[in-house]
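First the structure, in the form of structure tokens, and then the observations on it.
No value in this document is a laboratory result; all are computed from the given coordinates. All values derive from a computational prediction rather than experimental measurement. FYI the Cβ positions are ideal-geometry reconstructions off the backbone, even for glycines, and counts take in every protein chain you see.
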Amino acid sequence: MSLFRKIFGLKNNPEDNIKSEERGKYMPEIKLPVDEQFTINFKANGGKFLYCENMQEVQDSLHSILKENNWGDGKVLLFDERLNELFKDFKFNTTKRISESTFFFSTCEYLISDDGSLLISSNQIAEKKLKELPDNFVIYATTSQFVQNIGEGLRGIKGKNREKIPTNITTIKHFKTVEDKDFLTYGSSSKNLYLLLLEDL
């Protein structure tokens, strides 16, 4: 899978490496697979992700994140009760009050490949604004949530929720600290974000 190559730095076969000077200027751009494109853009945005082949690896990675940041004893902001059930072994000290929380633990709707962002909605953040949420995010997602662009993600949300379309749909795109910001990110809500990505395809 191309995602493996990106994550672990495995080398391509020589025939895979087509030098730009060997390609004519009118040749179409080489289109990367959505997983590889997301990986490149997500890392460029400052995000940190851990690729996991099974649920045990997801739980081990989450343990490592909590230990590395000393979040084990802190309160977890959690709106999605399915996560509480899925990670019940962690016995999270959950809260619905943002001011008490150490980090926000959530899912997302889709992973947007063309800009490396995460599409979320009221299913994950209720009616809160991104800037109101804690600075630290841990997001659990699966490889089946990759889409090429926001339009594709919005169509997916509409298709999954025909009865009641969620509100407060937005993207999280900037994962760098305030010092790293430039004029292009002015006014955006930057988050320290870890993505736990489970292979489910």
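Worth pointing out:
- Among the residues of region 134-146, the one identified as more than 29 Å from N70 (Cβ to Cβ) and crowded, with 21+ Cβ neighbours inside 10 Å is F146.
- Just one residue in the set F92, F137, F79 is under 19 Å from the mean Cα position of the chain (by Cα), of a type outside the set (D, E, K, R) and part of a loop (DSSP other than H, G, I, E, B); that residue is F79.
- For the criterion of being outside any loop (DSSP other than H, G, I, E, B), farther than 30 Å from K164 by Cα and in contact (Cβ under 8 Å) with a residue 24 or more places away in the chain, N123 fails.
- Some residue of region 141-162 being touching a strand residue (DSSP E or B) at 6+ places or on another chain (Cβ under 6 Å), assigned to a loop (DSSP other than H, G, I, E, B) and either in contact (Cβ under 8 Å) with a residue 12 or more places away in the chain or among the hydrophobic types (A, V, I, L, M, F, W, C) (or both): no
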